[in-house]
Amino acid sequence: MIDKSFAFIAQQNDAISISVNITEDDLLSKNLKPYLVELLDKYKISASQITLEILEGVSSSGAKNNILQLKELKELGFSLAIDDFGVEYSNFERINELDIDFIKIDAKYIKNIDSNPKSYKIAKAITDFASSMGIKVIAEFVASEQIYEVVKELNIDFSQGYYFSEPSAQI
């Protein structure tokens, strides 16, 4: 799927960027960086068009190899995002260590943000923190106009979810 994603970007003439999920197995592999560099060269695209999404648990595991690989990929120009933020460890040290570009607030806080005051306050706190650090915020699971209105009210930078489109196996 990564190869297909890079090919899709190449067809768009630099007009878009994409996010790619990176697993712990990917990070433990010594082939991840060379593979991504090979794809950049093959499709003649810039690393700045790619955001690598890592699950919060993976980024929080602290394995030296994980941190080193992510730092090296960041130095190559890839953006980094912590996915499902707020679910597991919320390790602020990783944000500091990795120079994170995006935080994706987990769906559990977004799906009822319009009716649950605690979810609202948690999403607001995450957004305020991220904004103060210069990190962009993405709301997952925006499933209705009501939720989208609250997300906009909180000045969350980006949204994704069924309100905009159902998931697709196609790029």
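Coordinate-derived values only; no laboratory data. These numbers come from a predicted model, not from an experiment. In this analysis, Cβ positions are derived from the backbone assuming ideal geometry, glycine residues included, and neighbour counts consider all displayed protein chains.
A few points about this structure:
- Only residues that are part of a helix (DSSP H, G or I) and either farther than 15 Å from Val87 by Cα or not aliphatic (A, V, I, L, M) (or both) were counted in the range 121-141, giving 8.
- Here the range 101-122 is the region considered, the condition is being out of contact with any helix residue (DSSP H, G or I) (no Cβ under 9 Å at 6 or more places or on another chain) and without any contact (Cβ under 8 Å) to a residue 12 or more places away in the chain, and the residue that is surrounded by the fewest Cβ atoms within 10 Å (Cβ to Cβ) is Pro117.
- Only residues that are outside any strand (DSSP E or B) and touching a strand residue (DSSP E or B) at 6+ places or on another chain (Cβ under 9 Å) were counted across the range 72-89, and they come to 7.
- Members of the range 142-164 found to be outside any helix (DSSP H, G or I), crowded, with 17+ Cβ neighbours inside 10 Å and hydroxyl-bearing (Ser, Thr, Tyr), listed by number: Ser159
- Any chance Ile16 is touching a strand residue (DSSP E or B) at 6+ places or on another chain (Cβ under 9 Å) and over 19 Å from Glu75 (Cα atoms): no
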